[in-house]
1. Probe 1.4 Å, all protein chains in place: accessible area of A:Phe108 in Å², nearest 10?
2. Excluding ligands, DNA and RNA, what is the accessible area buried between chains B and A, summed over both sides, using a 1.4 Å probe, to the nearest 100 Å²?
3. On average, how many beta carbons from a partner chain sit within 10 Å of the beta carbon of a residue in B:93-104?
4. Count, for each residue of A:108-115, the Cβ atoms from other chains sitting within 10 Å of its Cβ, then give me the mean as a whole number.
5. Where q = 0.12, 0.18 Å⁻¹, what log10 of I(q)/I(0) comes from the Debye formula for chain A, counting one point per Cα?
6. Between A:Ser162 and A:Ala90, what's the calculated FRET efficiency when r is the beta-carbon distance and R0 is 22 Å? Round to 0.05.
7. Please compute the average number of Cβ atoms from other chains found within 10 Å of each residue's Cβ in peptide A:91-102.
8. Under a cut-off of 30 Å between alpha-carbon atoms, report the lysines in cross-link reach of A:Lys31, not counting same-chain residues fewer than 8 places apart.
Amino acid sequence: MQKNEQLRILEALLFASPEPLNQSRINSVFKDDPPKLAELVKKLKEKYEKEKHGFEVRKVAGGYQFATCSEYSPWVRRLIQNQSKLKLSAAALESLAIVAYKQPLSRFEIESIRGVDCSGVLKTLLSRQLLKIAGRAEGPGRPLLYGTTREFLEHFGLDRISDLPRLREITELTAADENSDGGVRAPE
Amino acid sequence: MEANAYHVHLENFEGPLDLLLYFIRRDEMDIYDIPIAKITEEYLKTLDHARSSNIVIAGEFVVMAATLMRIKAKMLLPRPELDEEGEIIDPRIELMLQLQEYTRFKDAAANLDILANEENELFKRTGEETIEEEEENPGLYLKAVSLFDLAAHFKTALENRPVLKPIELHREIASLDEQKNAILAMLDGEGKLRFSRLIEKFETKIEMIVAFLALLDLIRMKSVVVYQNELFDDLEIHKVVIG
C-alpha cells in the first residue's frame with residue numbers, strides 16, 4: 001500500500017472515529033501489517049503544519065483526534081451556540097483533583113482531605129463516568145476505591161494522568177518562589 | 001475587623017476547611033501561626049449569621065466549631081512546651097496540616113477547571129452524529145459492561161419485582177446447572193436474551209439468585225457476553241459463537 005494512501009486512510013479514520021483513535025483500533029482496521037499510528041500521525045501533522053489548517057490532530061486519552069485550532073474558537077462558538085458542556089461544581093472539581101492525584105483511594109480518604117461528606121458528589125461523578133470503581137482496599141471493611149476514567153482524560157484534554165500539572169508541595173504554598181523542584185507528580 | 005461589616009455566607013463554601021481558608025487569605029493570616037482566637041471568633045460569627053438566616057448548618061461545620069474551641073482552650077491552658085523528643089507542642093498542628101493538604105487540592109481543582117475551560121474551547125470530531133442510527137439499530141452500539149454494572153442491575157431487578165409470595169416450607173432447589181441450561185435455552189434465534197426477560201421468568205428469589213450466579217458462571221466460562229446500551233439500561237446477553 002502506498003504511503004500516501006495510508007495517510008488518507010488515517011485521515012478518514014480520524015474523521016469518523018467516535019473516540020480518540022488508538023493503535024489497537026488501527027490494528028483491528030488494518031488486520032494484517034497495520035501501520036504504526038504514531039508515525040502516521042507525525043506525517044499528517046507535518047503535512048497540516050505546512051498547509052496551515054483550521055484544525056489539528058491532537059493526542060488525548062492515549063489516542064488521536066481532530067480538534068479545531070484554539071485561535072478559531074470564537075468563530076466556531078458562533079456556529080455552535082447553546083453547546084452546554086457539563087460544567088463541574090467546586091465540590092466535583094475538588095473531589096476529582098484528589099482522586100486524580102492520589103488514586104486509587106477510598107471515599108474516607110477523599111472526605112478526610114475535603115472535610116465534608118462526599119457520597120453525593122462521588123455518585124454523580126461515577127454516573128457521569130468521570131470516575132470509576134477501581135477495586136477494593138485490602139483493609140477493614142474493604143472499602144471501594146475510586147479512580148479516574150478515559151472520559152476524565154478527555155474532559156480535561158489530557159493524554160495520560162501523568163500529564164496533570166504538578167501538585168504543589170506543602171512547603172511551596174507559602175514560599176515566594178514557586179518554581180522550585182521536588183513537587184509531587186501524579187501517578188503514572 | 002470592623003471593616004468587614006458585610007456577612008460571610010456559609011452556603012458559598014465547600015466546607016469548614018474552605019471557610020477557614022477564606023478567613024486566612026482574606027485577613028492575610030500566617031497558616032503556620034494561625035491566630036486561633038481571632039479565627040474562631042470569625043468562624044462562630046459566620047455560623048451564628050447562618051443560623052439567624054435559618055440556613056441548615058451541615059454537621060461538619062459544627063464539628064469544626066468544637067475543634068476550634070478545643071484548640072483555643074488548649075492554647076490558653078498551661079502546657080508543656082516541648083515533647084519528649086524536644087519538639088515544640090502546638091495544639092494547632094493537626095488543623096494546620098489539614099488546611100495545607102486541603103489548600104493543595106483546592107489549587108489543583110482550580111487548575112483542573114482551567115484545563116476543562118481550555119478544552120471546552122476546542123471542538124472535536126466525535127461520533128455524536130451516530131445517535132440517529134443508534135435508535136434504529138440499538139444492538140450495534142452496545143458498551144462493555146463491568147461486574148459492578150451487572151451487580152447494580154441485579155439489585156434493580158430485585159427491587160422492581162412485585163411483592164414476592166410468602167415462602168412455603170418446601171425447599172426450592174434451583175441448581176446452578178439447571179439455571180445455566182435454562183439461560184442457554186432462553187437465548188433467541190440470534191443467540192440473544194434481555195436480562196429483564198430472564199428475571200421475569202422466575203418466581204422465587206432463590207431461583208433468581210441462582211440464575212444470576214449461573215449467568216456469572218457462563219460469563220466466566222466465556223459462553224456468553226453481556227452488553228449494555230447506556231447506564232441503567234437493560235442488559236443484553238449474547239451467546240459467544242466459537243470460531
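The values are calculated or read from the model by the stated rules, or taken from the named source; none is laboratory data. Predicted, not measured: the structure shown is a model, and the values here were computed from it. Counting neighbours? That spans all protein chains shown, and the Cβs are built from the backbone with ideal geometry, glycine included. The accessibility values were calculated without ligands, DNA or RNA, using every heavy atom of the protein model including side chains. Shrake-Rupley method; radii C 1.70, N 1.55, O 1.52, S 1.80 Å.
1. Estimated to the nearest 10 Å², A:Phe108 gives 150 Å².
2. 4000
3. Average per residue, whole number: 3.
4. Per residue, the average neighbour count from other chains is 5.
5. -0.80, -1.22
6. Approximately 0.30, to the nearest 0.05.
7. Across A:91-102, the average partner-chain Cβ count within 10 Å equals 5.
8. A:Lys31 reaches A:Lys3, A:Lys42, A:Lys43, A:Lys45, A:Lys47, A:Lys59, B:Lys124, B:Lys143, B:Lys192, B:Lys222, B:Lys239.
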